[in-house]
Amino acid sequence: MPRKRRKGRLYLKGGRYYGDFRDLGGKLEALIPPGERYATTDHDIATALAVERVKELEAIKRGIALLGRGCEELLGRYAQHHLEQKAKLHEATDNTIGIVQHHLERAV
């Protein structure tokens, strides 16, 4: 017999709300408001908590939460320092430094 699929993200279990975030890389989670010990019984609060959790998981999926803003600039500064040190210490030829610079510019 095929399994039943849930139609929405929220579901009730024992009179309390839980969220299904498996499609975003999460799991089945109790929707517990801040300062509370158990999952909420209020549909409006559960909806608000689910929306916040979806935003968090989508940010993690896109890398925003892990990297934050301005990391492109930090990576650029580090890449420039890295290339200057390679050239200063004669660890690579000019051709190799040019190739590495091209790759790092694309990464930034």
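All other residues whose Cβ lies under 12 angstrom from that of A48 are scored, Lys and Arg at +1 and Asp and Glu at -1, for a net of -1. 3J(HN,Hα) along segment 22-36: 5, 6, 9, x, x, 8, 7, 10, 6, 8, 9, x, x, x, 9 Hz, from the Karplus curve 6.51 cos²θ - 1.76 cosθ + 1.60 with θ = phi - 60°, whole Hz, x for Gly and Pro. Peptide packing for 84-90, 52-58 was compared via the average number of neighbouring C-beta atoms within 10 Å per residue; ordered from the highest value, the list is 52-58, 84-90.
A short reminder: the numbers here are calculations on the coordinates, not readings from a lab. This one's a predicted model, so the numbers in the text were calculated from it and none came from an experiment. Ideal geometry is used to build each Cβ from the backbone, glycine not excepted, and the neighbour counts take in all protein chains shown.
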